[in-house]
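The values are calculated or read from the model by the stated rules, or taken from the named source; none is laboratory data. All figures in this text were calculated on a predicted structure; none of them were measured in a lab. Here Cβ is always computed from backbone atoms with ideal geometry, including for glycine, and neighbour counts include all displayed protein chains.
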Amino acid sequence: MENKHKYVIYPDKKLIVEQYNGLLTLESYINLKNKIWADNQFVSSYDIIADLRNSEFETEKEVYADIINFSRSKAEKFTRRKSAIIVKNPEQMVDALLYEYESEKKLPTIVKVFSTIEAAIIWCGLPLELKNEILISD
């Protein structure tokens with residue numbers, strides 16, 4: 001399964017939307033994060049909505065633990081902010097909840113997992129109308 005991960009930064013909304021499509025590996029996660037961090041519009045305090053609905057986690061190992069370890073090594077890129085993860089199936093939910101649990105202990109980011117775009121947008125304190133403006137495809 002090919003990965004086509006992408007992102008958009010919305011400075012006026014203080015929001016970064018990440019969309020993961022295909023296989024989510026540690027390497028593909030790092031590649032996307034490095035692109036985001038190199039973007040001139042990146043601000044570490046912006047909230048994140050990560051759409052994982054069209055992705056699959058690498059199954060050979062627990063990728064979420066590796067992602068957290070990588071994130072901890074880049075602590076200067078993480079400040080106290082919200083990170084909403086959107087999932088659509090039980091397998092994604094399990095991995096995302098494990099990530100939420102582990103990140104709570106190890107990262108300054110507040111992570112919550114959602115099954116709807118609307119809930120993620122509201123939790124981030126943004127207007128629901130934003131759903132039609134941002135890069136998230138149903």
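Of all the criteria given as (1) over 23 Å from K6 (Cβ atoms); (2) part of a helix (DSSP H, G or I); (3) at pLDDT 80 or above, the one not satisfied by G125 is (2). For first residues located in segment 105-116 and closer than 19 Å to A65 by Cβ and touching a residue at least 12 places away in the same chain (Cβ under 8 Å), partners that are in a loop (DSSP other than H, G, I, E, B) and not β-branched (V, I, T) and lie 6+ apart or on another chain with Cβ distances below 6 Å form the pairs L107/F78; P108/F78; P108/R80; T109/F78; T109/R81. Residues that are of a type in the set (S, T, Y) and at pLDDT 90 or above are absent from segment 97-111.
Is segment 83-91 home to any residue that is small (G, A, S), buried (at least 18 other Cβ atoms within 10 Å of the Cβ), out of contact with any helix residue (DSSP H, G or I) (no Cβ under 9 Å at 6 or more places or on another chain) and within 19 Å of K6 (Cα to Cα)? Within segment 83-91, none of the residues are small (G, A, S), buried (at least 18 other Cβ atoms within 10 Å of the Cβ), out of contact with any helix residue (DSSP H, G or I) (no Cβ under 9 Å at 6 or more places or on another chain) and within 19 Å of K6 (Cα to Cα). Give just the number: which of (1) at pLDDT below 90; (2) not in a loop (DSSP other than H, G, I, E, B) does R53 not satisfy? Only one criterion in (1) at pLDDT below 90; (2) not in a loop (DSSP other than H, G, I, E, B) is unmet by R53, namely (1). Candidates are the residues of segment 37-55 that are of a type in the set (S, T, Y) and surrounded by fewer than 17 Cβ atoms within 10 Å (Cβ to Cβ); the one that is nearest to I67 (Cα to Cα) is S44.
Residues that are touching a residue at least 40 places away in the same chain (Cβ under 8 Å), of a type in the set (D, E), surrounded by 20 or more Cβ atoms within 10 Å (Cβ to Cβ) and outside any helix (DSSP H, G or I): does segment 15-36 have at least one? Scanning segment 15-36 turns up no residue that is touching a residue at least 40 places away in the same chain (Cβ under 8 Å), of a type in the set (D, E), surrounded by 20 or more Cβ atoms within 10 Å (Cβ to Cβ) and outside any helix (DSSP H, G or I).
Looking at segment 64-81 only, could you name the residues that are assigned to a helix (DSSP H, G or I) and at pLDDT below 70? Walk me through it before giving the result.
As a first pass, look at segment 64-81 and keep what is assigned to a helix (DSSP H, G or I): 64-73, 75-77.
Within segment 64-81, Y64, A75, E76, K77 qualify.
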